[in-house]
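Worksheet for the structure shown next.
The values are calculated or read from the model by the stated rules, or taken from the named source; none is laboratory data. It should be emphasised that the depicted structure is a prediction, and the values quoted were computed from it without experimental measurement. Positions of Cβ are backbone-derived with ideal geometry, glycine not excepted, and every protein chain shown enters the neighbour counts. Quick note on the areas: whole protein, heavy atoms, side chains included, nothing else; ligands and nucleic acids left out. Shrake-Rupley method; radii C 1.70, N 1.55, O 1.52, S 1.80 Å.
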Amino acid sequence: MSSVLSIKNTGIRFGGLVALNDVNIEVPEWEIVGLIGPNGAGKTTLFNCIMGAYTPNSGTISYRGTDISLLPTHRRVAKGIGRTFQNIGLVRGLTVLENCMVAQHPRIGYGAAGALIGMPRTFAEERRLRNYAMEVLDFLDLTHLANSHLDGLPYGTLKLIEIGTVLATDPDLLLLDEPSSGMGPDEAHALGERLLKLRKTLNLTVLMIEHHVPLVVGVCDYVYVLNFGQVMTSGRPAEVQRHPEVIAAYLGGEVDESSSEEDADVPA
Amino acid sequence: MKTAIVVGITAALLGLILILGAGDDAGPNAAVVIGVMTGSIYGLVAVGLVLVYKGSRVFNFAQGEFGTVAAFIVFILVEQIDTNIPYWAAVPIGLLGAVGLGLLMERVVVRPLMNAPRITLLVATISFALFTIGMEIILFLPEAKVLRPMIAATDATGKPNGPNIFGYFVEPQNLIAFGVLILLAVVLGYFFSKTDLGLAVLATSQDAFATRVVGIGVERMSRFIWGLAALLGGIAGIIYVPISGTLTPGAMTTGVLIPAFAAAVLGGMTSLPGAFLGGIVIGCVQSLSNWAGFNYSLTIGGVVKPLSSIIPGLPDVAIILVLLFILLARPQGLLGSEA
Amino acid sequence: MTATATEVLETVRAEPTERWSPSVQGWVARLLVLGLIFGSVLWATANVPSYWADRISLAAIYAIIGLSLNIVLGYVGQVSLGHHGFVGIAAFVAAYYATQKAGCTVDTCSFNTFMTATVIAALSGAVAAMLLGLIALRIRGLYLALITLAYGFVAERSIFEIPFLTNGGAGMPATRPDGWATDREFAFLCFFFLAGVIFVDWRLLKSKVGRAILSIKHSEAVAATYGINVTAYKVLAFVLSGLFAGIAGSLFAFHETNVVSNNFNFANALLWVLMVVVGGLGNRIGVVIGSAFFALFPFLLLLIGPLEHFLRDTLHREPDYFTIVIGSGLAILTLIQYPGGIGEQVAPITRWLGGKPFSMHPEGHEKHKAPKKQRSGGLLAKVGLHKSQVSTENNTEELAALGRAVEGSKEDDSE
């Protein structure tokens, strides 16, 4: 199976602090790969490098065989990479509907200049775009919130909007940053089920940062463990779960919200 | 230590220019002398800017008007009202007015916006500055008045009262400016490093929450900082307006504020000694480029034209170039600690 | 109580919301009111004394400047204290072109020349603003404000003193175009341009361009993840602002018929920032009203007869002097108490005129009523509906699949 995402020897430094060091990760097509590790291990930093928000000091990042290390973020997105954020990547100044429309930005069929002058094509495209965004909201059963602003909406709803909006851009590779944060064990389980179904129906490849161990074990085909900016170990979830260093890293590392659940889940 | 090195280098450079140009009437000596004098004013205003930045993390666009208001008060007492108040008595009253304005600004604008984005507070200081200028227009009319200096520039016979330094007749008011600058540099330097209150002010500027935890009243600190900044602004205004020759509404803001900003940025927005130094440097940049504009020429199309006519406003352009260079290449300035 | 993603997805089926539309009478009422407003402005311009019409032109020009500044201040979110630079450069360029290159004399200036001058002025403004935009890619916030200050300062002290531009200091003349030369006619000409600027600003916000710029203001990282070319759109915003400023500059030049550097100074730039703040950042109507208010204020004072006498005869002060105090006072009030400015205050009216029901609060701000919970048997029907509604869109298949997936997961969960 070919790799959709290939991260080789990637390292990045911020001043004197080494955030990532010689990271090698392969994400084969149609697999759900997990990225776990204690807080501060560099997982979100790695996502930022993949998306192009940060430029690594060393190494290459390739997407479907093409080196994307030098591409600006919006070009990488246009190639089919979608990403969610830990703190909800939605635009606060815009309504829910407008957020869905913004996500479609690369696919909009009119140019900026034409838009400003008011070419007829702009109006038609905008109508089509608005209808499509309403459909997305419809499937999420959120049409009643279409013209609402984001303040005051429940966290779970915002997460739902974000995921739905990203999926509606038809990505090939989906980077999920802690999708289960804020969820209890039952909800996380349901999320896992849904991810598996989506992978099948939408031909998705997923790289997922997660803390919730049952979710990782239940859903991921392969797991990389990051600690202090380096890949500590990798393998099938069950193996990684039993790896003594991984246990030590979590038990001895910083306390995070799900660590108590992990303690309960890690077999003696 | 770093401060001493930078000050030393600057003094050495200026001294070098003075020595090299000694004896040559068309030399840059007079320019350096003028530069140091006007630079003292810029430095005075810049110190107020840095003080406010350290305390409230905002650029105070009203800093100039503290000075204009003080000058107006002195003007009224000394020139307009028949009360025979001597100049030296009018000055403290003018300064009192400036401090009052600063405290008013703190109460009306700064305190309500203490937790607002800094840009909002910036626009608020601009609004207050314009409000003050507007009041000056209403109260004093948009005409030019003249405030005489504390010690007249020339005596009754027309002979200059001040010394001749390197070919330039330094007015007594200029000497006062420079002297006040040195005095304040020493006093403030001592205050901020050796006294409890001064150290507390610096602490507040580093971390408002921590200082509140320790027990220092952040609101009182804020009042003190703005009052002190207004005092410094007032001093600058009373000294500068007689030198500049005209007292109009907004005089300090149009004449001094922007070079003062350049001085503060050059010195480092977080460094008080840097503000003093930056003022001197900006003053010298301005006067030296003015001198260069008249002294150097380019031949364009067979016509010899002095630089000053090729580039209008050369001294001001030079100041801006320094400001841009610092902002783009070394945002923390000469002595500052953050970008 | 926060809903979880699962609960919202599985059990909730909202009643489909229809977009509320006014009745026929509703539309007629709105059109009447709109007509009344525009009609009175146009009638006033045509019938007031000439010196009033002259001031009304200035109000329109200020409105264009306000909209220009609003793009940087309201949409991009940065402070520009040097806008007098853009407007001034454009004004000088327009006047220079008209008088020195296109042969306008004191008596006559062709309309074509005026239009060309305006185009050139708009482009100059755009270029000048683009330079600032490039700098804004690297520097932000307070320090960028300082740079805009520096920009305006250089313009004021150096560029506006260049002899061939300023005609040696006497000022560069710009005769009003033939056919539009009287104060009243020129006012209508300014209205025409104001309408054009408002139109482009409207298209801006209603299209991907405005959404992109607003997304960038909120978070560049999120915007980039949506495929927005952050660099390009940031620069585009400044270019657009410069275009508007350039148009205003040209109109100003021909309005004054002689451009001197005194027209554009630091105090103006600050006042313009205040007028946008008072109008309401990001609010088009508010900014237009606020700018017009700043321009017309002294004249409005004059309307009140007794007040005029009091000011002139008792206080010996011109009404003009009070503009700055009132304007800055309003700005402080806006910043501290009413952040939405004039725009927010008139929002109920503008929303009503735009076809929404009259209400004091914007749509969507009532606390979200919990939708009724229903069995979701209708989801499959929804899938069928969508296939017929939408034209060609291969994502429909995927979304249908998503719907089936959601449906499928519900069947798997034990009930």
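A few notes on this one:
- Angle between chain B longest axis and helix B:118-140 axis [Cα atoms, degrees, rounded to 10]: 70
- Charge-dipole axis of chain A as Lys and Arg at +1 and Asp and Glu at -1 on Cβ define it, positive-most pick from A:THR143, A:ALA168, A:ALA188: A:ALA168
- Distant-in-sequence amide H partners of C:VAL259 (H built 1.01 Å from N, under 5 Å): C:MET172, C:ALA174
- Around the Cα centre of region C:209-343, unit charges on the Cβ atoms of Lys, Arg, Asp and Glu (plus for the first two, minus for the last two) sum to a dipole of about 480 debye.
- Cα gyration tensor category, rounded, prolate or oblate, for region A:125-185 with a/c compared to 1.5: oblate
- Computed over the protein assembly as shown, the per-residue total of -39500 (n - 2.57) for DSSP H runs of n ≥ 4 gives a 222 nm mean residue ellipticity of -19500 deg cm²/dmol, rounded to 500.
- Length-normalised contact order of region C:199-354 in % [C-alpha pairs under 8 Å, at least 6 apart]: 20
- Shape call, region B:104-204: gyration tensor on alpha carbons, a/c limit 1.5: oblate
- Using alpha-carbon coordinates, inclination of helix A:120-139 to the longest axis of chain A, degrees: 50
- Globularity index of region B:55-155, i.e. its alpha-carbon radius of gyration over 2.2 N^0.38 Å: 1.25
- Translational diffusion coefficient (Stokes-Einstein; Kirkwood radius from C-alpha pairs) of region B:1-71 at 10 °C, 1.306 mPa s, in µm²/s: 109
- Computed from backbone phi with θ = phi - 60° and the Karplus coefficients 6.51, -1.76 and 1.60, the 3J(HN,Hα) list for region C:254-260 is 6, 5, 6, 6, 7, 9, 10 Hz; x is used for glycine and proline.
- Bridges between two residues of the protein assembly as shown, per DSSP, are antiparallel at a rate of about 65%.
- 28 Å Cα-Cα threshold exceeded, pairs from A:LYS159/B:LYS54; A:LYS8/C:LYS208; C:LYS208/C:LYS356; A:LYS79/A:LYS197; A:LYS79/A:LYS200: A:LYS159/B:LYS54; A:LYS8/C:LYS208
- Distances between every pair of Cα atoms in region A:1-151, grouped in 5 Å steps from 0 to the bin holding the largest one, split as 2, 8, 14, 15, 16, 13, 13, 10, 7, 3, 0 percent.
- Computed from point charges on the beta carbon alone (+1 for Lys and Arg, -1 for Asp and Glu), the dipole magnitude for the protein assembly as shown about its Cα centre is near 1220 Debye.
- 10 Å binning of all Cα-Cα separations within chain B, expressed as whole percents from 0 upward: 6, 24, 33, 24, 10, 2, 0, 0
- Rounded tilt (10° steps) of B:29-56 against the dominant C-alpha axis of chain B: 10
- Kirkwood Rh and Cα Rg combined as Rg over Rh, evaluated for region C:41-154: 1.06
- Region B:244-339 shape via C-alpha gyration tensor axes, a/c threshold 1.5: oblate
- Note on B:SER271: accessible area is roughly 10 Å² with a 1.4 Å probe, heavy atoms of protein only.
- Rg followed by Dmax, in Å, when chain A is reduced to its Cα trace: 19.5, 68
- Total formal charge among the other residues, if their Cβ is under 10 angstrom from that of C:TRP52, Lys/Arg +1 and Asp/Glu -1: 0
- Binned Cα-Cα distances of the protein assembly as shown, short to long, each 20 Å bin given as a whole percent: 11, 36, 34, 16, 2, 0
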